[in-house]
Amino acid sequence: MMTENRYEMVCGVETHVELATKSKIFCGCSTEFGREQNTQVCPVCEGLPGVLPVLNREVVKLAVRAGLALNCHIAEFSKFDRKNYYYPDLPKNFQTSQYDLPICQNGWLDIRTGEQVKRIGVTRAHMEEDAGKLVHSGETITTSQESYADYNRTGVPLLEIVSEPDMRSIDEVIAYLEQLVGILEYTEVSDCRLEQGSVRFDINVSLRPAGQEVLGTRTETKNLNSFSSVRRCLEYEILRQAEVLDEGGQVIQETRTWDEGRGVTLSLRSKEEAHDYRYFPEPDLVPLVLDRDWIEKVRAELPELPEARYARLQSLGLSAYDAGVLTSSKALGDFFDQAGRHYPDAKNLANWVMGDLTRLLNARQWSVKDALIQPRQLAAMLELIDKGVISGKIAKSVLEDMVVSGKDPEQIVKEKGLVQISDESALLTVIQEVLQAQPKSVEDFRSGKEQALGFLVGQVMKATKGQANPGVVNQLLREQLTEQ
């Protein structure tokens, strides 16, 4: 970018993660997404007088699981606080959150950009309740004449994960977010449906002259829910701040919103400091005291995390690229691992999973979870290729059928008569017919034009509707062409 030589970007991210619980953090209301507005509320999440919150135990377990996966220290003593602010989507006029004694602190995760590995600090991760949702009459909050409040999301459990301002490029920010979301997905802390707002990013960014140690004034752009939006937002905000500085102005510390349609950030309000929220301990909840043995039990239940899978896949002989692709999606990586229990050639299996299988899924806008094919069925199909029962070309057709029907490859091959022809006597008859019909290609090959052989192989494959064994055809053609 044009600013890179003059300014250095400094970025930290606050990530709000909806935890994968069936009920809210302090009451029994459902957390199901997409229900009719204001049908999943009760006196507790509405903050009516005389009600008391009760902490959801599963929220604590998921918070600890995430903290451990992010290499955080898990506090044996933490507490909840009231964060006071006034906004239409907050019916209590305060948010129950954690302030000075959060459940997770001082963690980190490693990111890759190219061949570089960099450690990004995680300042803290704390539990809190989500606010409601404002539905605006216009395209954005800044263009709306009126807004409506839906309180279904009020009280949905959140984990807010705050990074250190360690990122110095947009690529580093995206790598951090992809790695973070991957960890949350692998640990099943959240369903990570970004399009539903299960994970939302607040981007804090500032510029400083190249070589300067003192941080610049930052802005915070709130509630981004896709990696592409984060990238576009940063590109715009960096250029905007650079223009302000180039003109001798000062960047204002403020909260901004992202207008997806126009591709710009817009000012919302001046940025609040901690004292503006008048935090004080939540009087209706006792401090949270965790047993160290219970924390270690949660640690022992952690699954294999993305970095560990990445290293293991490379140990199987896969390239860094292949390992990265299969690690980026837990579902796709799980499919590969399960298929690998039935088929030993990791590289060939990876090629089919990342190639033809992914192509078929993308064409239907499916996840591998949506497809009917089972991992063992893909392994069985590859074995049919290795045994010469079907060709690679036929296998592509078989795979497409398996994806939508869930049938075993042997059944599809039998029903459609797709068994590869490897019988030499049957193939010789077809080869003789092709040679008689293509005298010029025969003459070309005998005069030293090797590419003519490929044409003749293609003619045999065409005559057998792709069922001939290409290797056997190639061998028999050479024999026939050199004997005559």
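Any read-out appearing in this document is the output of simple, stated calculations on the displayed coordinates, not a laboratory observation. Everything numeric here is computed off the predicted structure, so don't read it as measured data. Every residue, glycine among them, receives a Cβ derived from its backbone with ideal geometry; neighbour counts consider all protein chains shown.
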If a paramagnetic tag sat 7 Å from the Cα of Leu302 along the Cα-Cβ line, which residues of the range 74-91 would have the backbone N under 11 Å from that point? 74
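Can you tell me the convex hull volume per residue for the range 169-212, based on C-alpha atoms, in Å³ to the nearest whole number?
Details: hull volume 3.9 nm³, N = 44.
Dividing the Cα hull volume of the range 169-212 by its residues yields 90 Å³.
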What is the pair-distance distribution P(r) of the range 265-331, computed from all Cα-Cα distances in 5 Å bins starting at 0, with each bin given as a whole percent? 3, 12, 11, 8, 8, 8, 10, 15, 14, 8, 3, 0
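What ranking do 178-189, 318-329 get when scored by the average of other Cβ atoms within 10 Å per residue, highest first?
On the way: 178-189: 20.4, 318-329: 17.6.
The most tightly packed comes first, giving 178-189, 318-329.
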Do me a favour and compute the ellipsoid semi-axes for the range 304-416 from its Cα gyration tensor, root of five times each eigenvalue, largest one first, whole Å. 24, 16, 11
On a C-alpha basis, how far is the centre of the range 337-398 from the centre of the range 175-202 in Å? Whole number, if you could? 27
Where does the charge balance sit around Ile174 when Lys and Arg score +1, Asp and Glu -1, over other residues with C-beta under 12 Å from its C-beta? -1
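Given the rule -39500 (n - 2.57) for each run of at least 4 DSSP H residues, summed and divided by the residues of the chain, what is its mean residue ellipticity at 222 nm, to the nearest 500 deg cm²/dmol? List each step's numbers first, then the result.
Numbers: 17 runs with 190 residues, N = 484.
Mean residue ellipticity at 222 nm (helix-derived): -12000 deg cm²/dmol.
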log₁₀ I(q)/I(0) of the range 83-235 at q = 0.12, 0.17 Å⁻¹, via Debye over equal Cα point scatterers, no solvent, to two decimals? -0.62, -1.22
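With the radius of gyration and the Kirkwood radius both derived from the Cα set of the range 238-352, what is their ratio Rg to Rh?
Checking Rg against Rh, the ratio lands at 1.22.
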So for the pair Arg240, Arg278, with labels modelled 7 Å out along Cα→Cβ, what separation do we get in nm? 3.1
Taking the convex hull of the alpha-carbon atoms of the chain and averaging its shadow over every direction gives an area in square nanometres of 31.3
Percent of C-alpha pairs per 10 Å bin, the range 338-383, short to long: 28, 57, 15
In the range 7-297, lysine pairs 8 or more places apart or on different chains with C-alpha atoms under 22 Å apart total 21
Based on a Kirkwood Rh over C-alpha pairs, give the Stokes-Einstein translational diffusion coefficient of the range 103-192 at 10 °C and viscosity 1.306 mPa s in µm²/s. 102
Evaluated over the range 1-46, the Cα radius of gyration and Dmax, each in Å: 19.9, 56
Working out 0.36 nm times the residue gap between His73 and Val135, then minus their Cα-Cα distance, what length gain in nm do you get to one decimal? 18.5 nm
Using only the C-alpha atoms of the range 41-101, find the volume of their convex hull and express it per residue in Å³. 121
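Sort 94-101, 290-297 by packing, meaning the average of other beta carbons within 10 Å per residue, with the highest value first. Please report the intermediate quantities before stating the final value.
Numbers: 94-101: 18.2, 290-297: 12.0.
Output ranking for 94-101, 290-297: 94-101, 290-297.
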Write down, largest first, the equivalent ellipsoid semi-axes of the range 1-100 in whole Å, where each equals the square root of 5 times an eigenvalue of the alpha-carbon gyration tensor. 31, 20, 16
Across all Cα atoms of the range 424-483, Rg and the largest Cα-Cα distance (Dmax), in Å, are 10.3, 29
Peptide ranges 49-55, 24-30 listed from the most packed, as the mean C-beta count within 10 angstrom indicates: 24-30, 49-55
At 1.567 mPa s and 4 °C, Stokes diffusion of the range 363-484 via Kirkwood alpha-carbon radius, µm² per second: 81
Binning every alpha carbon pair distance of the range 81-126 at 5 Å from zero, what are the percents per bin? 5, 18, 15, 13, 12, 11, 10, 8, 5, 1
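Out of all DSSP beta bridges in the chain, what portion is antiparallel? Express it as a percent rounded to 5.
On the way: 58 of 62 bridges.
Percent antiparallel among DSSP bridges in the chain is about 95.
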